[in-house]
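These notes are about the structure you will find just below.
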Amino acid sequence: MIATLLSIILLIVFTFLSSMHFYWLAGGKWGLKKVIPTKENQDTTLSIPKFATLIVALVLLLFGLLYLIKSRLINIPFSNLITTYGYWIIPSIFILRAIGDFKYVGFFKKIKNTEFAKADSKWFAPLCLIIGILGILIQLVTNGYN
């Protein structure tokens with residue numbers, strides 16, 4: 001029961017995050033300045049190609065689908081490789097993102113006064129940590145089995 005509830009929460013979170021990436025892919029500008037890491041002079045650290053935004057949107061949607069399956073609200077058979085390792089890999093990705101690169105992103109970043117850094121500290125890093133913790137809790141509750 002608790003694993004189902006947590007899986008549904010992650011489904012909602014991943015669907016929302018995916019939809020934001022599709023919005024940006026379609027040319028939306030809302031929130032865009034706060035989601036790209038910047039240097040101290042506010043120059044962006046990277047130029048993000050639309051193809052990368054599409055890949056991120058699709059991967060987040062896939063993560064949501066995997067947690068929908070984990071909730072047992074739908075039944076789609078997946079390989080044991082995905083169910084054995086995937087549900088550990090997903091939270092690991094987000095915990096690593098929460099920790100960060102020690103320069104621009106995560107709890108241990110050095111650059112802390114940019115618009116992105118403030119949003120990262122307030123929203124993105126904590127959200128990534130929560131996603132990681134929920135994913136691990138789901139695995140622990142279900143004893144690592146599907």
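The values are calculated or read from the model by the stated rules, or taken from the named source; none is laboratory data. If you're wondering where the values come from, they're calculated on a predicted model, not measured in any experiment. With ideal geometry, Cβ positions are generated from the backbone for all residues, glycine too; neighbour counts draw on all protein chains shown. Heads up: the accessible areas ignore ligands, DNA and RNA and are worked out on the full protein's heavy atoms, side chains in. Shrake-Rupley method; radii C 1.70, N 1.55, O 1.52, S 1.80 Å.
Structural remarks
- Taking the conditions (1) closer than 19 Å to Thr15 by Cβ; (2) surrounded by 14 or more Cβ atoms within 10 Å (Cβ to Cβ); (3) in contact with a Ser or Thr (Cβ under 9 Å, 6 or more places away or on another chain) in turn, Phe107 satisfies each one other than (1).
- Selected residue [among the polar types (S, T, N, Q), touching a residue at least 60 places away in the same chain (Cβ under 8 Å) and crowded, with 19+ Cβ neighbours inside 10 Å] from Ser18, Ser7: Ser7
- Restricting the range 41-58 to residues that are in contact (Cβ under 8 Å) with a residue 12 or more places away in the chain and either under 26 Å from Asn143 (Cβ atoms) or not in a helix (DSSP H, G or I) (or both), the residue that is nearest to the chain's Cα centre (by Cα): Ile48
- Exactly one residue out of Thr38, Thr84 is crowded, with 16+ Cβ neighbours inside 10 Å and at pLDDT below 90: that is Thr38.
- Among (1) part of a helix (DSSP H, G or I); (2) under 27 Å from Glu40 (Cβ atoms); (3) open to solvent by 60 Å² or more (accessible area, probe 1.4 Å) - the single one Ile133 does not satisfy: (2)
- Odd one out for Trp30, checked against (1) among the aromatic types (Phe, Trp, Tyr); (2) part of a helix (DSSP H, G or I); (3) touching a helix residue (DSSP H, G or I) at 6+ places or on another chain (Cβ under 8 Å): (2)
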